[in-house]
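Worksheet: the structure to be examined is printed underneath.
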Amino acid sequence: LAERLEDAWKKLRGQDKITPSNIQDALQEVRRALLSADVNLQVVKNFIADVEKAAVGAEVISGVNPGQQFIKIVYDELVKVMGESNVPLAQAKTVPTVILMAGLQGTGKTTATAKLALYLRKENRSCLMVATDVYRPAAIDQLITLGKQIEVPVFELGSQANPVDIATQGLAKAKEMGMDTVIIDTAGRLQIDEEMMVELARIKKAVNPNDTLLVVDAMTGQEAANLSRTFHEQIGITGAILTKLDGDTRGGAALSVRQISGQPIKFIGVGEKVEALQPFYPERMASRILNMGDVLTLVEKAQEEIDIADVEKMQSKIMTAQFDFNDFLKQMRLMKNMGSFGSILKMIPGMNKLSNLDIEKGETELKKTEAMISSMTLEERQNPDLLAKSPSRRRRIAKGSGHVETEVGKLVTNFTRMRGMMQQMGQGNMPGMGGMPGM
Ligand code: GDP
Ligand code: MG
């Protein structure tokens, strides 16, 4: 996808604005990628509209690969839609916190119940699991077995009892035991049916859960949208767990669930084992949906290039007298974030013949300079003349930064000379930057 997006986007090179017409090819690629990741069609449409809104009018940053810039817009939008950050489990003000599990049969509710209990136990929170699936013969035993395995108690009343009663009594039992959390596992059906919904609604009313989590099989694909709509409308969910992400499904269901219900995905299941539960991270899912293992690298690279564009902005500031030690420090740090001094120098035309020794020297100089500027007061940073005039100030900075006064003097002289030179040169290229490291 990355490559095709770049192709589609290359056409935009040289244009300074992204417009509704020049973006269509690129959007088409995104649409295709999402559909093949099993995102629901309506969800895709909404998402594309969001991306278009975000992209149109975004300036094509000069020097930034337009394909990368577009990928970053898509990626950011995807992360945004999926909730930006991880949403933890709800916690009741007075214990126990009640978590109700909902979902179709076979999606992994019972497994997820045990996974969550283990997860909480690892956080030193006590837990009671309640078995209300009285329909499938082995369902209660399944939870009991899991409970033994993770050393978490299970409340059950056999398979003749009424699920609502089991839930109510289970909650009472958890209170009596002073449990921190009670997780109620419920029965599912192969398809959404009225009886299941009614029963679930009754259980919900009886136990008034803090979290109602819809368990969704990531392999459900397109169906996930419909599923989350129905459950959310009829039961009211507060979050979801997306299971079976250990397979090669792309996780498009995540986007559907989130967009349709508006509720966060809180955890993902990544295997049959009880340990195979992870908090949901929107960034990772965004990469997975876009099917670019290296999307993060790409996005980071785009970010770097955007930083370079920042540097260019800074250069126009250099032309004016306002450029001070603060700007200088900011620029140095920006460069440091972007990678080694050497790799940056090599990007500057004519600088690629520098020897490694020169580069090492440059890096040492940079560190020295940064230390000295760090020891300056705000006033001194804004007004280098203060330093030019006062040996005592220079001595103080030398002491503070672990260097000698003459070095501080040299920094100030060079800085002032460079600034003067740049102002004189005005616009245009700047050959030889006055011996200032980092310039
Ligand atoms: P329930 O009917 O919703 O309670 O589903 P179960 O918890 O009984 O799980 C159904 C099947 O899915 C079982 O074979 C589980 O081992 C399996 N399963 C559950 N979660 C995951 C997961 O995250 N990854 C994989 N690969 N299998 C899972
Ligand atoms: Mg079950």
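All of the numbers you see were taken from the coordinates with simple rules; none came from a lab. All figures in this text were calculated on a predicted structure; none of them were measured in a lab. We place every Cβ from the backbone using ideal geometry, glycine too, and count neighbours over all the protein chains shown.
Details
- Each peptide in 32-38, 384-390 was scored by the mean count of other Cβ atoms within 10 Å over its residues; highest first, the order is 32-38, 384-390.
- Relative packing of peptides 187-195, 275-283, 90-98, 123-131 - highest average C-beta neighbours within 10 Å first: 123-131, 275-283, 90-98, 187-195
- Karplus (6.51, -1.76, 1.60) ³J(HN,Hα), θ = phi - 60°, over the stretch 381-390, in Hz, Gly and Pro reported as x: 5, 7, 9, x, 4, 3, 6, 4, 8, 10
- Length added when fully stretched, M219-Q42, from 0.36 nm per residue minus Cα-Cα: 61.9 nm
- Efficiency of FRET from Cβ geometry, Q169 and E123, R₀ 22 Å, rounded to 0.05: 0.25
- Q191 paired with A161, simple spin-label distance in nm, labels 7 Å along Cα-to-beta-carbon: 3.2 nm
- Amide hydrogen proximity for R189: with H placed 1.01 Å from N in the peptide plane, the residues at 5 or more positions away or on another chain lying under 5 Å are Q105.
- Built amide H within the under 5 Å cut-off of L128, gap 5+: T181, V182, I183
- Total charge dipole magnitude, the stretch 162-268, about the Cα centre, Cβ charges on Lys, Arg, Asp, Glu only, Debye to nearest 20: 280 debye
- Label-to-label distance, nm, for residues given as K410 and A201 (7 Å Cα→Cβ offset): 8.1 nm
- Rounded if a/c under 1.5, otherwise prolate or oblate - the stretch 234-292, Cα gyration tensor axes: oblate
- Other residues within the sphere of radius under 13 Å centred on the Cβ of N46, judged by their own Cβ, net out at +2 (K and R +1, D and E -1).
- Percent of Cα-Cα distances greater than 30 Å, calculated over the stretch 97-280: 10 percent
- Once both labels are positioned 7 Å from their Cα atoms along Cα-to-Cβ, the gap between E176 and S85 label points is 4.1 nm.
- The stretch 123-170: C-alpha gyration tensor shape, a/c 1.5 cut-off, then a/b vs b/c: oblate
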